[in-house]
1. Would a scan of the range 336-358 turn up a residue that is surrounded by fewer than 16 Cβ atoms within 10 Å (Cβ to Cβ), under 26 Å from residue 153 (Cα atoms) and within 29 Å of the chain's Cα centre (by Cα)?
2. Look at residue 282 and say whether it is crowded, with 18+ Cβ neighbours inside 10 Å and more than 20 Å from residue 155 (Cα to Cα).
3. Just the residues that are within 12 Å of the ligand (Cβ to nearest atom) and in contact with a strand residue (DSSP E or B) (Cβ under 7 Å, 6 or more places away or on another chain), please, taken from the range 62-79.
4. Check the range 188-202 and report whether any residue there is within 16 Å of the ligand (Cβ to nearest atom), part of a helix (DSSP H, G or I) and either at pLDDT 95 or above or under 12 Å from the mean Cα position of the chain (by Cα) (or both).
5. Condition first: over 15 Å from residue 218 (Cα atoms), within 16 Å of the ligand (Cβ to nearest atom) and crowded, with 17+ Cβ neighbours inside 10 Å. Now tell me which residues in the range 116-163 satisfy that.
6. Within the range 253-267, identify whether any single residue is outside any loop (DSSP other than H, G, I, E, B), in contact with a strand residue (DSSP E or B) (Cβ under 7 Å, 6 or more places away or on another chain) and either surrounded by fewer than 17 Cβ atoms within 10 Å (Cβ to Cβ) or without any contact (Cβ under 8 Å) to a residue 24 or more places away in the chain (or both), and answer yes or no.
7. All but one of (1) within 15 Å of the ligand (Cβ to nearest atom); (2) surrounded by fewer than 24 Cβ atoms within 10 Å (Cβ to Cβ) hold for residue 82; state the number of the condition that does not hold.
Ligand code: ASP
């Protein structure tokens, strides 16, 4: 819901403090004092009622550049990511109070290149706990941009709710000139509180653009307009302080998902192998030796595998390891390619990039080892 900004009603001042301020008005008649007290009480209760009316949004913080600090306002690289606590980020955007009542929770304080499966599981479980509370309208997750797409997609597969979950970050640290974090945070809180954002899967909202957590990827190392959904485009946009939606995700997500992480404390090991000229079986053998239950192959073109690596992947399938073919191209669909890939039992990763294919394969392996079933999941999610 986009609400107009309201004048300060004093609702955020404690009743005790308001009364102390009033009793300082010495020299008034008793009647005047009573009138003043009554007016103040009405204002205060109206303010409190308005605050109680506002949607409740939970903010879960994980670190990243949005919480990053640098030595100077012009430093935009080489800063300390994840330095500031969530309450500091919230306090820096007092306008949030006009749209929602927020709570802040620090889950971890990391630069997201250090994201782990444990953090993903913790976030998914916490989102599900919070969203089960009828008082909570939605969730915002502050995150580093490096692996933001992985968290957004994982939650898109594991959050059991239609309520909005919005994952955001920033490309410039909080201390920079034109830091993008504060506006991204305000936009995200408004989006998480917006009934129009419900049942669209997990959302990513940076730079006034609303993307699907399934489709979006970080496409540029340093630019603020880094989040893109190749071939698909945005779900919507934010303009003039309002949210506009253009389309809905077509793939299964959130409450439609068959995956349940509530009893999981770890995920199966899945490694990604990235092909290149003169690729050979060394990395595939290393993944097998490390105990991988699945391998995602970031192939060339339509998921092609180097002839020197292919026998190792075929052997992996024979050993019961699921092998998914993805592509290093950055867009397009991996669909049936060489006849022998089918015979070897490789699974097509469809439109998921390698890092997202890894997450779906991990969740798939919590349910089945059957390549046909896993192939179905890659068609549906
Ligand atoms: N390295 C940072 C991180 O992912 C980059 C960012 O947040 O933009 O945490």
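The values are calculated or read from the model by the stated rules, or taken from the named source; none is laboratory data. Predicted model only: the values in this text are computed from it and were never measured. Every residue, glycine as well, gets a Cβ built from its backbone with ideal geometry; the counts of neighbours run over all protein chains shown.
1. no
2. Against the criterion (crowded, with 18+ Cβ neighbours inside 10 Å and more than 20 Å from residue 155 (Cα to Cα)), residue 282 does not qualify.
3. Of everything in the range 62-79, those that are within 12 Å of the ligand (Cβ to nearest atom) and in contact with a strand residue (DSSP E or B) (Cβ under 7 Å, 6 or more places away or on another chain) turn out to be 62, 63, 64, 66, 67, 68, 79.
4. yes
5. 119, 120, 123, 140, 141, 142, 154
6. no
7. Evaluating residue 82 over (1) within 15 Å of the ligand (Cβ to nearest atom); (2) surrounded by fewer than 24 Cβ atoms within 10 Å (Cβ to Cβ) leaves (2) as the failure.
Here is a yes/no grid of residues against (1) closer than 22 Å to residue 219 by Cα; (2) touching a helix residue (DSSP H, G or I) at 6+ places or on another chain (Cβ under 7 Å); (3) in a helix (DSSP H, G or I):
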{"residue": "302", "(1), (2), (3)": "yes, no, no"}
{"residue": "307", "(1), (2), (3)": "no, no, no"}
{"residue": "311", "(1), (2), (3)": "no, no, yes"}
{"residue": "317", "(1), (2), (3)": "no, yes, yes"}
{"residue": "337", "(1), (2), (3)": "no, no, no"}
{"residue": "360", "(1), (2), (3)": "yes, yes, yes"}
{"residue": "363", "(1), (2), (3)": "no, yes, yes"}
{"residue": "368", "(1), (2), (3)": "no, yes, no"}
